[in-house]
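Read-outs throughout are calculated quantities, based only on the coordinates presented, and are distinct from any laboratory measurement. Every value quoted in this text rests on a predicted model; they were computed, and no experiment measured them. We place every Cβ from the backbone using ideal geometry, glycine too, and count neighbours over all the protein chains shown.
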Amino acid sequence: MTLDITQVYSQIEAMAGDLKSHQSEYAQKLDLALTTLKSIPTNQDKLKKKIEGARATWLVAGLKEDIRLHRAAAPCPDDFMVVASDGSHIDVDRHHSTRLFLLNIGLVELQYGNKPDAELLSLPTLYFGDEMQTIRSSDGRQALIEGPLLGIKRGVEECRSLVDRVCGDQSDLPVVGLVDGSLIMWGLVGQRYEDFVVEQLLDEGLLKQFDRFYELNRKKKAVIASYISFPRSTDVVNALRLQVCPYDPVDCDKHCKGKFEGRECDVVGGPLDRALFAGLLSEGERSAVFSSGSSINKRYGVHQVCFLYLKLDEEVARVEVPLWVADNKELLDLVHAVIVDQCHKGFGYPVSLSEAHEQAVVTGANREQFWDLVDRVMQEGSLAVQQSLKQRSKKVKWV
């Protein structure tokens, strides 16, 4: 029996009623948060010091520019290039005797200006055997690449394919490399992965690719950025919570431990950053640049991830860049201008990322075809193919 949606209907109605009852309170908090942001004085050294010395229980954005800043996009260069990557994968199937996985990277190169051009690629790679499917330490420890770890591995390979493409371009055109999702490896935060796993995926994986982008700037303008649609972050709102907090230094455990309501900072707590900046920014404008307080971000060095918010026609997006981009006005303006242009061309979402996703996507039908092909090739090679009885039962209609 499939889901009986009629039994869920009353629960959905109850949920909608609960959300509606909280709308007024949410609007009041959002209005006060926006008022608080606009009233912060020009000299924000006091707030910066309060943030830096805080012992908060949530992520707080670090200030790199005037928190009230809103800036229009500069014009795009006459000639430029956008390279975007996205990925999908087929995970290890524990019900199948053949242990393997597949990564499919979609890559799009769009050239604008006097010589417009486009190239769209799908780059599938099969990973099989112990060497390809494990992360190993020098002393023999190993971790299998599957599940959440495979998702992190895919992110590294998306970036590697992107950098390979950008570095292979022999022109002197300015280029913006775009990936979907965060540059911060949130999947490694709070997980009990051994140090050698973090080292190989982050230090020897993602950050090595950032190094290549950084070095490329000796020859031409080349930046990497990520685009997060419909973000759920509250880092900037949390900075406003510190602004209204009566304690200095801020110490949540000392002053508010165990309190889940009635805290002074709750008067602005709750709204998402995107809602805050929807009320501050005009279309095409960016917010100030902020630094991320993520614990793993400290390992990024010169590539520490900074972020800004960008208002498009129908949403406020989060854009992330490495520190060396955030600290370079020319490179930051390039990212801002190109992403706004890409969103206009893509009806609200960067057209390059949309096309990269189309090249990368693996459908349910693709997965079935993939495993059928694996079985057939194995059988043709006189290799044993086994499936769990559970998997086999799913293919049999009993009623």
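Note on Arg136 and Glu380: their simple-model spin labels are 3.1 nm apart, each label 7 Å out from Cα toward Cβ.
Report the full-extension gain for the segment Lys345 to Thr125: residue separation times 0.36 nm, less the Cα-Cα distance, to one decimal in nm.
Computed gain between Lys345 and Thr125 is 76.1 nm.
Taking the DSSP beta bridges with both ends in segment 77-232, the antiparallel portion is around 70 percent. Per-residue extension of 0.36 nm, minus the Cα-Cα distance of Thr35 and Arg232, leaves a gain of 68.8 nm for this segment.
Here Lys254 is the anchor, and the lysines within straight C-alpha reach of less than 16 Å, apart from those fewer than 8 places off in the same chain, are Lys50.
Each of Lys259 and Thr2 was given a label point 7 Å from its Cα along the Cα-to-Cβ line. The distance between the two points is 5.1 nm. When the listed pairs Lys153/Lys208; Lys221/Lys329; Lys49/Lys257 are checked against a 20 Å cut-off, the alpha-carbon distance exceeds it for Lys49/Lys257. Taking the Cα centre of segment 65-213 as reference, the dipole from Cβ charges on Lys and Arg (+1) and Asp and Glu (-1) amounts to some 360 debye.
Counting DSSP beta bridges with both partners in the chain, what percentage is antiparallel, nearest 5?
80 percent
How much length is gained if the chain between Ala365 and Glu199 is pulled fully straight, taking 0.36 nm per residue apart and subtracting their Cα-Cα distance, in nm to one decimal?
My answer for the length gained is 56.2 nm.
Model label sites at Asn43 and Trp58, defined 7 Å from Cα along the beta-carbon direction, differ in position by 3.0 nm.
Computed over the alpha-carbon atoms, the chain gives an Rg to Rh ratio of 1.01, Rh here being the Kirkwood radius from the mean inverse distance.
Taking every full run of DSSP H in the chain, the ones that stretch at least 27 Å from end to end by Cα along their long axis and average -1.0 or higher on the Kyte-Doolittle scale are 5-39, 148-168. Dipole check for the chain: with +1 at the C-beta of Lys and Arg, -1 at the C-beta of Asp and Glu, and the Cα centre as origin, the magnitude is about 960 Debye.
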